[in-house]
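Before any comments, here is the structure.
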Amino acid sequence: MHIKTVGVVGVGTMGQGIAEMLASRGMDVIIIERSEERLTYGKEMIKVSLDKQIEKWALTQSEKKLIMNRIQATTSNERLAECELVIETITEDLDQKKAIFESIDQICSPDVILASNTSTLSLTELASVTKYPDRVIGLHFIYPVSKIDLVEIVRGLKTSDETFAKTKHFVEEVINKKGIMVFESPGFVTTRLICLFINEALHVLEEGVASAEDIDSAMRIGYSFQHGPFEMADRFGLDSVLAALDRMFREYGELKYRPSIVLKKMVRAGHLGAKSGVGFFKYDKDGDRI
C-alpha cells in the first residue's frame, strides 16, 4: 500500500513532531484540531522547530517552505477521507479518543489504517467503537519524534496481520524508523520502563538524597542518558507522566506505579514542564532550558 497522505488528529507537542517528520519525509499531511487558535499555534510551533534547524545549518529556507506547504490545517474531520493513514495524537483521555475513532471510522474507507499514538490506553477498547477493528493499531512515537528512530507498533486484540504488516512497512521503509512489535499492555515497553525510572528518581528527591540537578547529572553523565529523569519528565509533560503512572497503577495494582506526591503537587500547581515554562527546571517559550 502506497501512503501519500497522512492525517494527524491533534496538534499538541507530539502531533507537531509527527506532522513535521512526515512532511519532511515527503508526505502530504492534514492536521486537525478543535479550534483555529490551536491549529495556528500548532503550525507556529512547527515553524519554530524548523527555524531552529535552519540556525544549526541542518535545513534551508526553501526546504522549510516545502515542508510547510505539505502541511494543510483544518478543523473538519471530513478531510480525513483523503488519507491512507490517520494518526490520532490527542491527550490521553479514553472517552475523547473513542469519540474520535468512532467519527473517523465512518469517514475513512475500510482499507485506511487508523492508528493511535497512545502510550497507555487500550487499542482493543479504542477499536471496539469502530466497524472495522482489524484496521486499528498503535503507533507510539517517542519525543522528540524527529530525533528518536524508534516506534512501538502496538497490536490490539483484533488488529489483523495485514494491518500490522502494512504499518511495519510504513515505519521501516517509508519513514525509516525501527519498529518494534508490542502486544497490548498498559504502558507498552517504553512508557512502562521510563515512567518507573522517573518515579524512582522522584522518590530519591523526596528522601533528600540529592538535588534534581545532581540526580539528572548522575544519569546523564554517568550513564549517557540524553536527559536526566527530571528534564525528561519536564519534556514529556508532568501531567502526561502523572496520567501514565495513574493508569498503570490502576491496571497493574502494584505500588511501584503509584505516582510520587511531589509529581502530584507540581501538576496541581500547573508546573507541567517545558510546555508551561516551569517544571523541575525553567524553559523559554521555545522550550529551551533557561
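The values are calculated or read from the model by the stated rules, or taken from the named source; none is laboratory data. Just so we're clear, the structure is a prediction, and the values are computed from it rather than from any experiment. As a convention, Cβ positions derive from the backbone with ideal geometry for all residues, glycine included, and neighbour counts pool all protein chains shown. Surface accessibility is based on the protein's heavy atoms, side chains included, excluding ligands, DNA and RNA. Shrake-Rupley method; radii C 1.70, N 1.55, O 1.52, S 1.80 Å.
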### Query
What accessible area, in Å² to the nearest ten, does a 1.4 Å probe give for ARG247?
40
### Summary
The answer for GLY273, listing residues at least 5 apart or on another chain whose modeled amide H is closer than 5 Å to its amide H, is LEU238, VAL278, GLY279
### Message
If you take every DSSP beta bridge fully contained in the range 91-235, what fraction is antiparallel? Give it as a percent rounded to 5.
### Response
30
### Query
Once you sort the root eigenvalues of the Cα gyration tensor of the range 206-290 as a ≥ b ≥ c, which label holds: rounded (a/c under 1.5), prolate (a/b larger than b/c) or oblate (the other case)?
oblate
### Query
What's the center-to-center distance, using Cα atoms, between the range 92-110 and the range 127-161 in Å?
14
### Evaluated over the range 138-272, the Cα radius of gyration and Dmax, each in Å
16.6, 52
### Query
Between PRO229, PRO259, PRO110, which gets the highest mean-square fluctuation from a Gaussian network model of the chain, Cα cutoff 10 Å?
PRO110
### Query
Per residue of the chain, what 222 nm ellipticity follows from adding -39500 (n - 2.57) for every DSSP H run with n ≥ 4, rounded to the nearest 500?
-13500 deg cm²/dmol
### Principal axis dimensions, the range 151-211 - Cα atoms, whole angstrom, descending
52, 26, 8
#### Entry: Euclidean distance between Cα centres, the range 198-244 to the range 1-69, Å
29
### Summary
So the compactness index of the range 5-183, its C-alpha Rg divided by 2.2 N^0.38 Å, takes the value 0.98
### Query
Restricting attention to the alpha-carbon atoms of the range 241-290, what are Rg (one decimal) and Dmax (integer), both in Å?
13.0, 38
### Task
Over the range 251-290, with every protein chain in place, what whole percent of the accessible area is carbon and sulfur at 1.4 Å, could you tell me?
51
### Message
Quick check of the Kirkwood formula: for the range 42-84, what is the inverse mean of 1/r over all pairs of different Cα atoms, in Å?
### Response
11.8
### VAL129 versus THR60: modelled label distance in nm, points set 7 Å from Cα along the beta carbon direction
4.5
### Message
Relative contact order of the range 5-183, please, whole-number percent, based on alpha carbon pairs below 8 angstrom and at least 6 residues apart.
### Response
20
### Query
Looking at the chain, what % of its DSSP beta bridges pair antiparallel, to the nearest 5?
20
### Task
Determine the per residue accessible area of the range 70-130 with all protein chains present and a 1.4 angstrom probe, expressed in square angstrom.
37
